[in-house]
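FYI, it's all coordinate maths here, none of it is from the lab. Predicted, not measured: the structure shown is a model, and the values here were computed from it. Neighbour counts run over all protein chains shown; Cβ positions are idealised from the backbone, glycine included.
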Amino acid sequence: MCKVHVLKRWFLSVLSGSILMGSFASTSAQTPPLTKSVPQQGAAMSQQVREADYIPVPDGVPITSFMPLTLAVPGRPVDLQMKVSAPAIGEKLPVMLLSHGLGNSNYLSSMHGYSPLADFYAAHGFVVIQPTHIDSKTLNLRADNPAVITSWKSRANDMQFILDHLQEIAQAVPGLNGRLDPSRIAAVGHSAGGHTVQLLAGMRPTDPATGNEVDLADRRIRAVVMIGAPGGDTDLGPAVQKVFPIARKVNFSEMKIPALIVAGDQDLNPMFSPRVTWRADAYPLSPSPKCQLTLFGAKHSYGGVAQYDAAETTDENPERVSVIQRLSWAYLRTQLYVGDPAWETALSDLAKRADALGKIDCK
C-alpha cells in the first residue's frame, strides 16, 4: 500500500467568489485571465480575449483542484507531489496525465504550471493529474544528480506509479472517491513532457548509458497528445549531445496507440535541430492511427500553454491556446468514447474557417 500524505490543517477563506480550503480550491474554469492587459495609446486599457469558439465544445463546469497530494515512492530521492483537478460534478470521469516541460522559470515546470490546459480539461470532464517530475527546478536537485540525469526515464515511471495508485489518489482528494473511470486514460505533454508522453505511447529510445533500447509503454493509456515534443534522431543540433542525449537514437515504429502530434511552423531552435519540422517527426515516423495539428505562427510556447500571462511565453496568443484546448479535447473525447462525433465535428468546423490558425492531417 502506497503511503499518501495530505495537508492536515485546512483554512477556509473566500476570495473573489472562490472557496479555498488549504490546498483544496473550488473555482470556475472561467476565472483566470487569459491574457495580459496591455495599455496602448488610443486604446482601452484591456482588450477582448479572442477564443476559438468556432470549434464547439460543451459548456465548462466549475472545477476543484487539490494540491499538494504526495506519494511516497520507493527509491525516489524525493516524494512524488502532484496536483489533481476535476470537475465539481459528474461520475465515471476519464483520467488525464499531464506532463510539464522544462524551462527558465522556476514554477511553470512543475505541478504549478500548465493551468490553461489543466483548467480547461477539468472543466470539460477530465480528472487531470499533474506530477512534479524529478527534473523540476522546484525540487532544487543539482543537474549532476543521477536522478536528474536519468529523469527522462523517471518521468515515465512517475506516470506509471500514479496509474498504479489511482484508487489511493481518488480517496485522498475530497469528493473524488468513486468518480473515476480507470478504463479511460489519456496523457498530454508539452516539450519535455511531450517526450514523456512519447515514451508512454511506445516510442523506444536507446539509453545512452547502456546502449540498450528501452520500452516504457503503458497499455493502460488509450490516447495521447504531444505538444512541441522532440523529433527523430536525424538533423540533430549541438545541444542534444549535451542536454538531451536520450534523443540521439529513437525508434518511433512501436508508438502504435492513437496520438495527436501538435507542432508549430515556427517552433525552431537550431541548438536542437536546424529543421523546423523536427518537432513534428512523430507523425511520419510512427504507424497509424495518428493526426498532426500544424499551428501557423506558433513557436515553442504555443501561445502560452504553460501558464496564464507567463513572461517566458514567446508567442502569446489566447486564440492559439484555445485552438489547442478545443482540438485536443475533441480528439481525446472521440478516442476514449468510440462513436463520439467531437473530433469529426471539430475537423469540419476548422476546415470551414478562412482564417484558421492551423491545419490537420491524419493517417
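Assuming a strict under-26 Å limit between Cα atoms, what lysine pair count do you get for region 211-363 once near-sequence pairs (fewer than 8 apart, same chain) are dropped?
15
Nearest 500 deg cm²/dmol is fine: what mean residue ellipticity at 222 nm does the chain get from its DSSP H runs of n ≥ 4 alone, each adding -39,500 (n - 2.57), divided by its residue count? Show your work: numbers first, answer last.
Working: 9 runs with 83 residues, N = 363.
Mean residue ellipticity, 222 nm, calculated: -6500 deg cm²/dmol.
I'd like to know which of Asn251, His300, Asn317 lies farthest towards the positive end of the charge dipole of region 206-363, counting +1 on Cβ of Lys and Arg and -1 on Cβ of Asp and Glu.
Value: Asn251.
Which of rounded, prolate, oblate describes the chain, given a ≥ b ≥ c as roots of the alpha-carbon gyration tensor eigenvalues and a/c under 1.5 marking rounded, otherwise prolate only if a/b is larger than b/c?
Values: a/c = 1.32, a/b = 1.05, b/c = 1.26.
Rounded, because the longest to shortest axis ratio a/c is under 1.5.
Let a ≥ b ≥ c be the square roots of the eigenvalues of the Cα gyration tensor of region 39-187; is it rounded (a/c under 1.5), or, if not, prolate (a/b larger than b/c) or oblate? Before the final figure, lay out each step's value.
Details: a/c = 2.41, a/b = 1.22, b/c = 1.97.
Taking the square roots of the gyration eigenvalues as a ≥ b ≥ c, region 39-187 is oblate.
Suppose a student asked you for the relative contact order of region 51-161, using Cα pairs under 8 Å spaced at least 6 residues apart; what percent would you report?
Working: 181 pairs, mean separation 28.5, N = 111.
Relative CO of region 51-161 lands at 26 percent.
Taking the Cα centre of region 239-363 as origin, work out the dipole magnitude from +1 charges on Lys and Arg Cβ and -1 charges on Asp and Glu Cβ, in debye rounded to 20. Display every interim value, and only then the final one.
Numbers: 15 positive and 14 negative charges, 106 e Å.
Rounded to the nearest 20 debye, it is 500 debye.
Report relative contact order for region 110-251 in percent, whole number only (criteria: Cα-Cα under 8 Å, sequence separation at least 6).
Working: 170 pairs, mean separation 25.6, N = 142.
Once divided by the residue count of region 110-251, the mean separation gives 18 percent.
Sort the following peptides by mean Cβ neighbour count (other Cβ atoms within 10 Å, averaged over residues), highest first: 334-346, 195-207. Numbers along the way, then the final one.
Values: 334-346: 15.7, 195-207: 25.2.
Put in order of decreasing packing, that is 195-207, 334-346.
Taking only complete DSSP H runs, can you tell me which helices of the chain stretch 15 Å or more along their own long axis by Cα positions and average at least -0.5 on the Kyte-Doolittle scale?
Counting only whole DSSP H runs, the qualifying helices are 318-336.
Considering all alpha-carbon pairs of region 184-258, what whole percent are spaced by more than 16 angstrom? Don't skip to the answer; put the middle values down first.
Values: 1325 of 2775 pairs.
Percentage above 16 Å: 48.
Which net charge results when you count Lys and Arg as +1 and Asp and Glu as -1 among the other residues whose beta-carbon is under 12 Å from that of Val173? Can you show the working numbers first?
Working: positive: Lys83, Arg179; negative: Glu168.
Net charge around Val173: +1.
Please work out how much length the chain gains when fully extended from Asp79 to Tyr337, using 0.36 nm per residue of separation minus the C-alpha to C-alpha distance, in nm with one decimal.
Details: separation 258, 0.36 × 258 = 92.88 nm, distance 3.40 nm.
Extending this stretch completely gives an extra 89.5 nm.
What is the dipole size for the chain, taken about its Cα centre, with +1 at each Lys and Arg Cβ and -1 at each Asp and Glu Cβ, in debye to the nearest 20? Walk me through the numbers on the way to the answer.
Numbers: 33 positive and 32 negative charges, 95 e Å.
Computed charge dipole of the chain: roughly 460 debye.
Give the relative contact order (percent, whole number) for the chain; include only Cα pairs under 8 Å separated by 6+ residues. Could the numbers behind the result be given before it?
Details: 794 pairs, mean separation 56.0, N = 363.
Here the relative contact order equals 15 percent.
Going by a ≥ b ≥ c, the root eigenvalues of the Cα gyration tensor, does region 195-311 fall in the rounded group (a/c under 1.5), the prolate group (a/b larger than b/c) or the oblate group? Intermediate values should be presented prior to the final figure.
Numbers: a/c = 1.68, a/b = 1.17, b/c = 1.43.
It comes out oblate by the Cα gyration axes.
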